[in-house]
1. Give me the mean projected area, in nm² to one decimal, of the convex hull enclosing the Cα positions of region 1-94.
2. Residues of region 62-88 with amide nitrogen under 15 Å from the 7 Å Cα-to-Cβ point of residue 39?
3. Quickly work out the residue 136-to-residue 13 label distance, labels modelled 7 Å from Cα along the C-beta direction, and quote it in nm with one decimal.
4. Please work out whether region 86-146 counts as rounded, prolate or oblate from its C-alpha gyration tensor, where a ≥ b ≥ c are the square roots of the eigenvalues and a/c under 1.5 means rounded, while otherwise a/b larger than b/c means prolate and anything else oblate?
5. Okay, helix-only estimate at 222 nm for the chain: each DSSP H run of n ≥ 4 adds -39500 (n - 2.57), divide by all residues, round to 500 deg cm²/dmol; what do you get?
6. Using only the Cα atoms of region 46-140, what do you get for the radius of gyration and for Dmax, in Å?
7. When averaged across all projection directions, what area in nm² does the alpha-carbon convex hull of region 7-46 cover?
C-alpha cells in the first residue's frame, strides 16, 4: 500500500486527479478539528488518530478509527462516510438533498458512488462533513461496540 497521498492521486488521469483534489479541498475545508487525512484502506481516508482515540478501529486496533474516505474506482468516484451508516435521519437527509438536484443516488450503507464528476454534490458533501465531530463519532462507536 502506498503511504503517500500525492502518489495515490498521481495514478489517475489529469481529469480524475482534478476531481479528487476538489473533493479533498471541500472535505478539508469542512473537516471538524481532530480528524486527520491519511491513506487508509487503499484510499484517501479521514480518521480519528490514535493520539485522540488510542483504542483504534475495533476490527484492527493497530489502525486508527476510520470515518470517511474518497477513492476513484473503476466505474465511479466514491465517497465513504461511516457516520451516516449509524444515523438513519442523516442518511435520509443526504439522500433526499442529493436527489432534489441530481436524481437517484447510487449508494450502499456508507458508500456513495458518483459515476460522473457532474453528479458529485461538493457543497452537500461539505455540509455533511461538518455534521459529526470527532467526539460524536467516538461516542457513536463506543455505543455500538459496547
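Taken together, the values in this text are just the output of simple stated rules run on the coordinates, not laboratory data. In this text the structure is predicted, and so the values were computed from the model without any measurement. Neighbour counts run over all protein chains shown; Cβ positions are idealised from the backbone, glycine included.
1. If you wrap the Cα atoms of region 1-94 in a convex hull and average its projections, you get 7.0 nm².
2. Under 15 Å, as judged by backbone N against the label point of residue 39, lie 70-72 of region 62-88.
3. According to this spin-label approximation, the distance is 3.6 nm.
4. Taking the square roots of the gyration eigenvalues as a ≥ b ≥ c, region 86-146 is prolate.
5. Calculated mean residue ellipticity at 222 nm is -13000 deg cm²/dmol.
6. 14.1, 41
7. Reported value for the Cα convex hull: 2.9 nm².
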